[in-house]
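Please read the structure below before turning to the comments.
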Amino acid sequence: MAVIVEDISRTFQEFLLLPGLTTKNHVPSRVSLKAPIQRFKRESGPRACLNIPFVSASMQAVSGAGLATALARKGGAAFIYCSQPIAEQAAMVREVKEHKAGFVESDSNLSANATLRDAIELREKTGHSTIAITEDGGRHSKLLGILTDKDFWEFKDDLSKPVRAYYTPLEKLVLAEEGISLQEATEKLWKHKKECLPIIDRQGRLKYLVFRKDYFDHKSNPDELTDDKKRLFVGAAINTHDYKERGAALVEAGADCLCVDSSDGYSEWQADAVSYLRKEYGDKVILGGGNVVTKEGFRYLVEVAGVDFVKIGIGGGSICITREQKGIGRGQASAVLEIAAERDKYFAETGTYIPLCSDGGLNNDTQVIVALAMGADFVMMGKYFAMTEESPTPKVTYQGRVFKPYWGEGSNRARNWQRYKDSGGEGMLFEEGVDAYVPYSGPLSEKLNVTLGKLRSTMCNVGVLSLKEFHEKAQLTRVSELTLVEGGTSTVERFDRVQSS
Ligand code: IMP
């Protein structure tokens, strides 16, 4: 007869944190959100860490190079999706690794024969008013000069005239040669009171532009997550089918972390993939595995597969229909609580700490906070990031509101055959994900700042200054349905809602 486990499957929404003593020391600016992402020994302490406990889901509608760059600049990491050809995934990883903070490749370039009208059209297309004038109009051709809005009057000059009569030529520009550091470039901009510094190579070809405004942007990202060569940190997903070739290409491209992307990680295929990659690359790359929802799954991934971190969650994702389709999964809170207890037991037994990632089903900032309090070291989110400006999908307007497309990796659209097909290779008989739209929420940085602000504030209420302390001291209570009603605003008319109805 089947076994019925004692526990009811519970979700984050069913819990509330209780406040602890907040001392005068507990202020948000002193809270550290560093989170380990690699297994470590008690005596040596944490090794690789995220600077904020957030990673983005390995999904086509979420983790492209643009979002990966933006998230690493805030201190988190993206997992570039593997439901694409190996070469394309490796190219995305490379793009993130090659991103040089403050050094941008010029996307607005014209030859000297182009007209002022061409310049205006280009400005409208790219939104950038600094145009590099190069020998053949190419991005990395010989630089001849720079044209900006200040060089001509749009409503007075003859727009059919070539830009050669207007741009500021090389000899009048302040330039720098490739190899200059960002700090030196910034000094140069400041000394000469310039807005833009073109960087050229020895042959005079344009390499990058450094802008004064980016210096301030850089200053506002003190948590940027980088590797030991100061390149942005990036993760990539792999599957249990082509992991040998894909793993090699991704490591070659510079991926810092690989994570097996599977809806059910408690499998021999996963152990084969992780053991192989560990043997090939040792500790050169961080290896994550999942997803699991039981302590047995956790032990298997840690002891048999040998992962660095374990990803938790089956069926909770916002686009996920696994539970409906297959009757398998677990409430995310129950899964995190059981596995965190097992992780702590494993730590006590062996002195090895295994970071945990709670993946999927986080619908708001409160649930993120509860997941971290319950023992997750960091959280993976899909919808949260799919809604942002930096996700790879286009914005669409419907009935006056702006949305972004968001679809599951197990949907027909993703054609992620590898992940959901069984070892028999039958292909996809049914879908495990839906194809949907989510409201557009603006730039990632602004959204994250709000979430991080709430997290730090709650941690102060609980009386902790680090995530480790949060795990140790958090006290939670289960809530009744009436408590949820009491916590809302159901007994008053909210002005914002009255207005919009
Ligand atoms: P979200 O943050 O609630 O949107 O969930 C994102 C997570 O859902 C991902 O990290 C995956 O673990 C999971 N996921 C992605 N695509 C699918 C799917 O098609 N079916 C089931 N789960 C999925």
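The values are calculated or read from the model by the stated rules, or taken from the named source; none is laboratory data. These numbers were taken from a predicted model, which means no experiment stands behind them. Cβ placement follows ideal geometry from the backbone for every residue including glycine, while neighbour counts extend to all protein chains displayed.
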Exercise. Here are GLU6, GLU14: which of them is of a type in the set (Asp, Glu) and touching a residue at least 40 places away in the same chain (Cβ under 8 Å)?
Worked result: GLU14
Exercise. Under 6 Å by Cβ, and 6 or more places apart or on different chains, what pairs join a residue from the stretch 195-215 that is closer than 11 Å to THR134 by Cβ with one that is among the small types (Gly, Ala, Ser) and at pLDDT 95 or above?
Worked result: LEU206/ALA132
For this session: Can you give me the number of residues within the stretch 84-113 that are in a loop (DSSP other than H, G, I, E, B), under 27 Å from LYS230 (Cβ atoms) and under 20 Å from the mean Cα position of the chain (by Cα)?
Result: 3
Exercise. Taking the condition modelled with pLDDT of 90 or more and over 36 Å from the mean Cα position of the chain (by Cα), does THR148 pass?
Worked result: no
Exercise. Restricting the stretch 353-371 to residues that are under 21 Å from ARG343 (Cα atoms) and within 9 Å of the ligand (Cβ to nearest atom), which is surrounded by the most Cβ atoms within 10 Å (Cβ to Cβ)?
Worked result: ASP359
For this session: Report yes if PRO222 is assigned to a loop (DSSP other than H, G, I, E, B) and closer than 30 Å to SER445 by Cα, otherwise no.
Result: yes
For this session: Identify, from the list ILE339, ILE321, ILE328, the residue that is surrounded by 15 or more Cβ atoms within 10 Å (Cβ to Cβ) and modelled with pLDDT under 95.
Result: ILE321
Exercise. Somewhere in the stretch 372-384, is a residue touching a residue at least 60 places away in the same chain (Cβ under 8 Å), within 10 Å of the ligand (Cβ to nearest atom) and assigned to a helix (DSSP H, G or I)?
Worked result: yes
Problem set entry | GLU446, sole failed condition from (1) closer than 27 Å to PHE378 by Cα; (2) within 16 Å of the ligand (Cβ to nearest atom) | (2)
For this session: Could you tell me whether the stretch 477-488 includes any residue that is assigned to a loop (DSSP other than H, G, I, E, B) and at pLDDT 85 or above?
Result: yes
Problem set entry | Evaluation of TYR437 against (1) at pLDDT below 90; (2) surrounded by fewer than 18 Cβ atoms within 10 Å (Cβ to Cβ); (3) within 16 Å of the ligand (Cβ to nearest atom) (one fails), failing number | (1)
For this session: Quickly run through the stretch 385-397 and pick out the residues that are near the ligand (Cβ under 10 Å from one of its atoms) and of a type outside the set (Phe, Trp, Tyr).
Result: ALA386, MET387
